[in-house]
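Asker: Let me give you the structure first, and then I'll get to my questions.
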Amino acid sequence: MKKIIRLILAVLIILVAYLLQSTLFQKFTFLSVAPNLLLIVTFCFGFIKGKHYGVYVGFLCGMLIDLMHGDVIGFQTLIYMYIGYMNGYFNKLFFDEDITLPLVLLILSDFLYSMYYYVFAFLLHNRLDIQYYFIHIMMPELFFTVLITVFLYRPLLWINRKFDSMEEGGTK
């Protein structure tokens, strides 16, 4: 029962992040780029809960983007699953108080996402100006995503702690 509640909670967080990303944050762009909230959610679940949760949340986030905005099903799903899985490896280094490692991992995750997107969405379509992509798209999105993460990481961590304490309280 508690796994179902955790799944419902994860789906609600994903839906709220998607709605904010596709509506509100599109109005308040920074240098014509919005933060990637679904990447933040995927990263947080992977880092806080481990590889399996990271893959599941990455699958849901990527599939949601593919179904709503994608031309090819699986394009976004694949990269989000990889990001959730890779960040899950660092779950053993997870400490509640430290925000340095999560920010470094998020920067790496956003960089990998941006490079993946550049290669498959731009480079293979003969748009070779990586300098323009790096300066005008990649760096502003990275900056804005990290800035939003500073504010979202603690609430997501708090929700996770509350749910974990409810689970531990129910098993004793």
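What follows draws every value from the coordinates through simple rules; no lab data is involved. What you see is a predicted model, and the numbers here were worked out from it, not measured in a lab. Heads up, the Cβs are rebuilt from the backbone with ideal geometry, glycines too, and the neighbour counts pull from every protein chain shown.
Asker: As I understand it, the value is the acute angle between the Cα axis of helix 2-19 and the longest principal axis of the Cα atoms of the chain; what does it come to in degrees, rounded to 10?
Answerer: Computed tilt is about 30 degrees.
Asker: Let me ask another. Name the residue from Met1, Ile13, Asn91 whose Cα lies farthest towards the positive end of the charge dipole of the range 1-148, charges +1 on Cβ of Lys and Arg and -1 on Cβ of Asp and Glu.
Answerer: Met1
Asker: Oh, and also: What number, rounded to the nearest 500 deg cm²/dmol, is the helix-based mean residue ellipticity at 222 nm of the chain, given -39500 (n - 2.57) per DSSP H run of at least four residues and division by all its residues?
Answerer: Details: 7 runs with 119 residues, N = 172.
After summing the helix terms and dividing by residue count, I get -23000 deg cm²/dmol.
Asker: Right, something else. When ranked by the protection proxy of mean other Cβ atoms within 10 Å per residue, highest first, what sequence do the peptides 109-117, 145-153, 83-91 form?
Answerer: Working: 109-117: 19.1, 145-153: 17.1, 83-91: 22.0.
Going from most to least packed, we get 83-91, 109-117, 145-153.
Asker: Just how far, in whole angstrom, is the range 1-56 from the range 104-140 if you go by their alpha carbon centroids?
Answerer: 20
Asker: Could I ask something else about it? When only C-alpha pairs under 8 Å and at least 6 residues apart count, what is the relative contact order of the range 1-142, in percent?
Answerer: Details: 169 pairs, mean separation 31.8, N = 142.
With pairs under 8 Å counted, the relative contact order is 22 percent.
Asker: Another question about this same structure. Where does the chain land on Rg(C-alpha)/(2.2 N^0.38 Å)?
Answerer: Rg over 2.2 N^0.38 Å, computed on Cα atoms: 1.04.
Asker: Among the chymotrypsin sites (Phe, Trp or Tyr not before Pro) within the range 1-68, which fall in a DSSP loop and have no more than 15 other Cβ atoms within 10 Å of their own Cβ?
Answerer: Numbers: sites: Tyr18, Phe25, Phe28, Phe30, Phe43, Phe45, Phe47, Tyr53, Tyr56, Phe59; in loops: Phe28.
Of the chymotrypsin sites (Phe, Trp or Tyr not before Pro), the ones in loops of the range 1-68 whose Cβ has at most 15 other Cβ atoms within 10 Å are Phe28.
Asker: Now a separate question. Give the cross-link partners of Lys49 among the lysines, using a straight C-alpha distance below 22 Å as the criterion and excluding same-chain residues fewer than 8 apart.
Answerer: Partners found: Lys2, Lys3, Lys92, Lys162, Lys172.
Asker: Ratio of the range 109-159's C-alpha Rg to 2.2 N^0.38 Å, to two decimals?
Answerer: Rg over 2.2 N^0.38 Å, computed on Cα atoms: 1.42.
Asker: Whole-Hz ³J(HN,Hα) for each residue in the range 114-122, computed from phi via Karplus 6.51 cos²θ - 1.76 cosθ + 1.60 with θ = phi - 60°, x for glycine and proline: what do you get?
Answerer: 5, 5, 4, 5, 4, 4, 8, 9, 10
Asker: What's the angle, to the nearest 10 degrees (0 to 90), between helix 51-69's Cα axis and the longest principal axis of the chain?
Answerer: For 51-69 against the chain, the angle is about 50 degrees.
Asker: To continue, here is another question. How large is ³J(HN,Hα) for each residue in the range 157-168, as worked out from phi by the Karplus curve 6.51 cos²θ - 1.76 cosθ + 1.60 (θ = phi - 60°), to whole Hz, x for Gly and Pro?
Answerer: Result, rounded to whole Hz: 5, 5, 4, 5, 4, 4, 5, 4, 5, 5, 5, 5.
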